[in-house]
1. Can you work out the Karplus-derived ³J(HN,Hα) for every residue in segment 8-14? Use 6.51 cos²θ - 1.76 cosθ + 1.60 with θ = phi - 60°, whole Hz, and x for glycine or proline.
2. When the Karplus curve 6.51 cos²θ - 1.76 cosθ + 1.60 is applied with θ = phi - 60°, which whole-Hz ³J(HN,Hα) does each residue of segment 45-56 get, with x for Gly and Pro?
3. Got a sec to turn the phi values of segment 33-41 into Karplus ³J(HN,Hα) couplings, 6.51 cos²θ - 1.76 cosθ + 1.60 with θ = phi - 60°, whole Hz, x for Gly and Pro?
4. Could you give the angle, 0 to 90 degrees to the nearest 10, between helix 16-30's Cα long axis and the longest principal axis of the Cα atoms of the chain?
5. Please report Rg (one decimal) and Dmax (integer) in Å for the Cα set of segment 2-62.
6. Quote the relative contact order of the chain in percent (integer), defining contacts as alpha-carbon pairs under 8 Å separated by 6+ residues.
7. Of the GluC sites (Glu not before Pro) in the chain, which ones lie in a loop per DSSP and count no more than 16 other C-beta atoms within 10 Å?
Amino acid sequence: MYNIIRERMSVPTPLLETIVMDIGNEFHREYPEIRAINISIRKMNPPVEGMQGEACVSWRREF
């Protein structure tokens, strides 16, 4: 799982939503016994003008 995350995070992607969905779907491809997954990703100090703090996305899927 670490390698899946590491590989996916090496690809610049503007949307956190895309990243969590890609990681979740790849987990299921590699580990088909997974029946449900819940992933959260947080970006500290996102490059959004006027925003301070962090952005977070959570994604849940049942297979």
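What follows is calculated from the coordinates using simple rules that are stated; it is not laboratory data. Owing to the predicted nature of the structure, the values given are computational and were not obtained by experimental measurement. So basically every Cβ, Gly included, is an ideal-geometry build from the backbone, and we count neighbours across all protein chains shown.
1. Each residue of segment 8-14 in turn: 5, 6, 7, 9, x, 9, x Hz.
2. Per-residue couplings from phi come out as 6, x, x, 10, 4, x, 9, 10, x, 9, 10, 9 Hz.
3. Per residue, the Karplus-derived 3J(HN,Hα) values read 6, 5, 9, 8, 9, 9, 10, 10, 9 Hz.
4. With both axes taken from Cα atoms, the answer is about 20 degrees.
5. Final numbers for Rg and Dmax: 12.9, 43 Å.
6. 31 percent
7. Numbers: sites: Glu7, Glu17, Glu26, Glu30, Glu33, Glu49, Glu54, Glu62; in loops: Glu33, Glu49.
Here the sparse-neighbourhood loop sites are Glu33, Glu49.
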